[in-house]
């Protein structure tokens, strides 16, 4: 797990990811930019932590789609495969935070939470087998 403002090598040391402080929402959480190896995602912002898959192949981050306090939070989990520079996005949550919690053992099963703030506060916890995802798209990164 990459802690806020920190960097981390992937489990087998093939890739390095870094979250750098970019700002914070008024009366709210901080947000960060992301760099993986030498590539920066300068036009995108992310939440406070990231998680490497046990097999080194995927970095899971929470992407923020707005910093407008009135409209947000609007987030989604973004899965990045640095070996082939592709990504896959979970559904966007309006008025919610998508959070990656942990991988189940050494498997490719991700435990994650959707926390929704519409009409109250609701949490939905799920497990997703990342090996079953087939909609990987090329990444546009600087």
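The values are calculated or read from the model by the stated rules, or taken from the named source; none is laboratory data. Model, not experiment: these values are computed from the prediction. Cβ atoms come from the backbone with ideal geometry, glycine included; neighbour counts cover every protein chain shown.
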- Message: Taking the criterion of being surrounded by 18 or more Cβ atoms within 10 Å (Cβ to Cβ), within 12 Å of the chain's Cα centre (by Cα) and within 19 Å of residue 135 (Cα to Cα), would at least one residue in segment 19-26 satisfy it?
- Response: no
- Looking only at segment 84-113, which residues are loosely packed, with under 14 Cβ neighbours inside 10 Å and either out of contact with any strand residue (DSSP E or B) (no Cβ under 9 Å at 6 or more places or on another chain) or part of a loop (DSSP other than H, G, I, E, B) (or both)? 84, 91, 92, 104, 105, 106
- Message: Criterion first (within 27 Å of residue 124 (Cα to Cα), buried (at least 17 other Cβ atoms within 10 Å of the Cβ), touching a strand residue (DSSP E or B) at 6+ places or on another chain (Cβ under 8 Å) and modelled with pLDDT of 90 or more) does residue 36 satisfy it?
- Response: no
- Failed condition for residue 116, given (1) out of contact with any helix residue (DSSP H, G or I) (no Cβ under 9 Å at 6 or more places or on another chain); (2) surrounded by 12 or more Cβ atoms within 10 Å (Cβ to Cβ); (3) closer than 25 Å to residue 54 by Cα, with all others met? (3)
- When residues of segment 31-56 are limited to those that are free of Cβ contacts under 8 Å to residues at least 60 places away in the same chain and over 14 Å from the mean Cα position of the chain (by Cα), the one farthest from residue 130 (Cα to Cα): 38
- Item | The lone exception for residue 72 - which of (1) part of a loop (DSSP other than H, G, I, E, B); (2) within 12 Å of the chain's Cα centre (by Cα) it fails | (2)
- For segment 105-121, does any single residue satisfy the condition of being in contact (Cβ under 8 Å) with a residue 60 or more places away in the chain and more than 27 Å from residue 27 (Cα to Cα)? no
- Report yes if residue 79 is surrounded by 13 or more Cβ atoms within 10 Å (Cβ to Cβ), closer than 28 Å to residue 26 by Cα, touching a strand residue (DSSP E or B) at 6+ places or on another chain (Cβ under 6 Å) and modelled with pLDDT of 95 or more, otherwise no. yes
